[in-house]
Amino acid sequence: MADGHVSHDLVEAGEEIHDPGDDDDDDDEKIAGVCHSMASFRKVVPASALLRQGGDDMTEKKSRTEYRKEKDLEEERKAGTAPAMVDVQTGRDINPHIPQFISQNPWYVPSEGPTLQHQRPHAERQKDMATIDKWYKKGTTGKAATKFRKGACENCGAMGHIKRDCFERPRKLGAAKTGDDIAPDDHVQPNLLLGFDAKRDRWNGFDPSSHEQVLTSVETYY
């Protein structure tokens, strides 16, 4: 018989004819369902909390009807016919097109409802980096003490450095013994937290007004 008659006879007999193209369609639907899974909240409980509670909520499986209702609700949210989920932290709507692996909070960032707060920078983890207008102070304060103080440089008597780091000429008798001619104190340097770029910025801390001294000296020379 011809192929057309065979297929017609099988259909009349009530037998289904398997089309290889149907498998490809089913695979495409499964892949599309995974790739386009939209935002849905599922409360994730850490393992330590489950042990304290004495139960395991993760073993509970959803029925086919419940799973289908959730998928239909996600499709309606994507189409705009159902209201989107609301962020419990900010009160804003959550885009239903966001994939679930982004919208679902991890177990180590617990949440009582749908939120995207775990995708935001955590304030407690942010480092207070130094800005471009903050730098170490140079020179001295210009104020000198009248007597030697404990913790000051034994050579010049200034606060802010020790004897081995002193830039002045080594005295025969230091200010610690004589108490005379005490040098001005150094600036108390701030504790700056510099980033990668700030550590390697060759112009960091440069004072443009200091270039006027160079111009003045050149004009005087010529």
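Derivation of every value follows stated rules applied to the coordinates shown; laboratory data play no part. This is a predicted model, so every value here is computed, not measured. Cβ placement follows ideal geometry from the backbone for every residue including glycine, while neighbour counts extend to all protein chains displayed.
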Original post:
For region 63-123, what is the charge dipole size about the Cα centre, in debye to the nearest 20, if Lys and Arg each add +1 at the Cβ and Asp and Glu each add -1 at the Cβ?
Top reply: 100
Original post:
Could you give me the ³J(HN,Hα) list for region 136-145, computed from phi with Karplus coefficients 6.51, -1.76, 1.60 and θ = phi - 60°, whole Hz, x at Gly and Pro?
Top reply: 6, 6, 10, x, 10, 6, x, 10, 10, 7
Original post:
Mind checking the dipole of region 95-222: about its Cα centre, +1 per Lys or Arg Cβ, -1 per Asp or Glu Cβ, Debye to the nearest 20?
Top reply: 640
Subject >> Integer Hz, Karplus 6.51/-1.76/1.60 couplings in order for region 86-99, x for Gly and Pro >> reply: 10, 5, 6, 8, 9, x, 8, 6, 9, 4, x, 7, 5, x
Original post:
Check D87: other-chain or 5+ apart residues with amide H under 5 Å from its amide H, H built from backbone geometry?
Top reply: R92, D93, I94
**OP:** Mind putting a number on the dipole of region 135-190 about its Cα centre? Charges go on the C-beta only, +1 for Lys and Arg and -1 for Asp and Glu, and I need it in Debye to the nearest 20.
**Re:** 100
Subject >> Amide proton proximity set for E154, modelled H, under 5 Å, gap of 5+ >> reply: K163
Original post:
Which of W107, W203 comes first, and how do the rest follow, when ranked by fewest Cβ neighbours within 10 Å?
Top reply: W203, W107
Subject >> Above-threshold pairs, the threshold being 19 Å between Cα atoms, out of K43/K71; K163/K199; K137/K199; K134/K199 >> reply: K163/K199
